[in-house]
Amino acid sequence: MTEERSTVGVGSARACANIALAKYWGKSDETLNLPAVPSLSITLDALVTETTVTVEPALTEDVVLFDGKPRDGDDRTRASELLDRVRALSGVHRFARVETVNHFPTASGLASSASGFAALATASARAYGVDASLEQLSAWARRSSASAARSLYGGFVELAAGVPGDDSLAARVVAPASHWDVCIVIALASLKRKKTSSRDGMIETAKTSPYYPAWVQCAPAYFDEVRAGVLARDIEKVGTAMEASTFAMHASALAARPAVRYYAAATATLLDVVESLRNDGIAAYSTMDAGPHVKVLCQRSDAERVREAMLASGAAVDVRVASPGPGVQ
Ligand code: DP6
C-alpha cells in the first residue's frame, strides 16, 4: 500500500450547474457511465454548489451532508463511489465528511447533480492530495453523472458520445462565457422533487422505448446544429435545434413502458408563453430536462421581458435569470 501523505485534509470547491442545449439521454456504457449521444450545455452563474471534503481519521464510513442534513441512499452511495476512486489514486484510505450547500433559487428540485459532482470531484482531489488536471476531474465527475463532466468548465461546453470502455472521456470548452450575451430564464413549474431521476428515466427509455434507437440516431445532428449555431452566435439556429433535441428526447421517454413523463400542466402553459413571445418577435426558445420546469434561451436584452411573461402566465412558482458562468473554482 502507498504511504499516506501528510498533505491530506480539507478541500473545497464551487461549481455551477449547466443546462443542455443539445441533450444527453442514454448511455453507451452503463458501468462507466458513458453517454450514448453528444451534448452541449451552458454553465450557469446563478446555480451554484459549494462542497467541502474533510478527511477524518475517526470516521468509519463517509458522511454526506446536503445543506446541513445527512443524506443516505443513492446520493451517499454515488458520493462514496467517487471518493473511493480518488482514495485509490491517493493511497489514503480514510473516510471523509462531505458538506454540500446548494445556492439555488429555491428548494426547487432543479438538477443539482451536475454542479454537485463537479464540485465533489474537485474538492475530494484537493482533500486527498491528488494532483489532477481539469480534464481528469471532468472524467471523474462524468463517471458519477455525465452532465457533471460539463460543469468543470465555464461558458459553452460539449461532451462527446462515449466509446464503450473509454473511461477517459471528459468535456471540452466550445466557447468561453464571454462569447455570447444570451441568458437562460428558468421558470419553475413546481417545487416538488422529481419522481423519476434522469438516470432511471434514461435507462428505462433505453430498455423499453421503441423510439430510443431513433433518438440516438437523430441526436448527433441536433448537436452539430447547436454547436455551429453557438459558434456563429445564431440564436434561431441554436433555439430551433435545441427545441428539436428537447422534444425528441422527451418523445423517446414518453414512449417507454410505463411512460417516463416529466411535464406537468404548468409545463404546457409555459411552453405556450414561449411560443407566443416568439410570435411577438422575441427570439425565445424552450428546453426541459428531467422535470416539469421550462428553461428559455433568449438574448440578455430580452430576458426581463421573458421573465415577466412567464410570471404573468401564473404557471410558474418562481422565475430566475441565469447567464453563462465560470467553471469550477
Ligand atoms: C435531461 O447527468 O443527471 O439533464 O449520468 O445518469 O447522472 P447521469 O444523468 P444526468 O442526466 C442529465 C440529463 C438531462 C440532459 C442533459 O443535461 O444533457
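Overview of values
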read-out	value
By average C-beta atoms within 10 angstrom, highest first, the peptides 124-132, 204-212	124-132, 204-212
3J(HN,Hα) from dihedral phi, the range 20-27, Karplus parametrisation 6.51/-1.76/1.60, rounded to Hz, x for glycine, proline	7, 8, 10, 7, 9, 7, x, 10
Derived scalar couplings ³J(HN,Hα) [the range 214-229; Karplus, 6.51 cos²θ - 1.76 cosθ + 1.60; whole Hz; x for Gly, Pro]	5, 4, 5, 6, 7, 4, x, 5, 4, 4, 4, 5, 4, 4, 5, x
Sequence-distant residues sharing a close amide H with SER28 (under 5 Å, placed H)	LEU34, ALA36, GLY162
Residues of type lysines that LYS23 reaches as a straight line, Cα spacing below 20 Å, ignoring anything fewer than 8 places off in the same chain	LYS194, LYS195, LYS207, LYS237, LYS295
Area of HIS93 that stays accessible when all protein chains are in place (1.4 Å probe, Å², to 10)	90 Å²
Other-chain or far-sequence residues with amide H under 5 Å of LEU21's (modelled H)	LEU40, SER41, ILE42
Two-site FRET efficiency, SER276 against ASP200, from Cβ-Cβ distance with R₀ of 35 Å, rounded to 0.05	0.55
Mean Cα-pair separation over length for the range 137-232, i.e. relative contact order, pairs under 8 Å, 6 or more apart, %	20 percent
Normalised contact order of the chain, rounded percent, pairs of Cα under 8 Å and 6 or more residues apart	24 percent
Between 0 and 90°, nearest 10: helix 113-127 axis offset from the chain longest Cα axis	20 degrees
Of all accessible heavy-atom area on the range 232-329, the percent that carbon and sulfur account for (1.4 Å)	48 percent
Relative packing of peptides 281-293, 257-269 - highest average C-beta neighbours within 10 Å first	281-293, 257-269
Amide H partners (placed H, <5 Å) of TYR153, local residues excluded	VAL328
The chain: translational diffusion in µm²/s, Stokes-Einstein, Kirkwood Rh over Cα pairs, 37 °C, 0.692 mPa s	165 µm²/s
Relative packing of peptides 66-75, 27-36 - highest average C-beta neighbours within 10 Å first	27-36, 66-75
Per-residue HN-Hα couplings for the range 247-259 [Karplus 6.51, -1.76, 1.60; θ = phi - 60°; Hz; x = Gly/Pro]	6, 5, 4, 5, 5, 5, 5, 5, 7, 5, 10, x, 4
Label-zone membership for the range 275-290, site ALA312, 7 angstrom Cα→C-beta point, backbone N under 16 Å	275-284
For the chain: accessible area per residue (Å², 1.4 Å)	42 Å²
Value at 222 nm in deg cm²/dmol, rounded to 500, when DSSP H runs of n ≥ 4 in the chain each add -39,500 (n - 2.57)	-12000 deg cm²/dmol
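The values are calculated or read from the model by the stated rules, or taken from the named source; none is laboratory data. All figures in this text were calculated on a predicted structure; none of them were measured in a lab. Positions of Cβ are generated from backbone atoms using ideal geometry, with glycine treated the same way; all protein chains shown enter the neighbour counts. All accessible areas refer to the heavy atoms of the entire protein, side chains included, with ligands and DNA or RNA removed. Shrake-Rupley method; radii C 1.70, N 1.55, O 1.52, S 1.80 Å.
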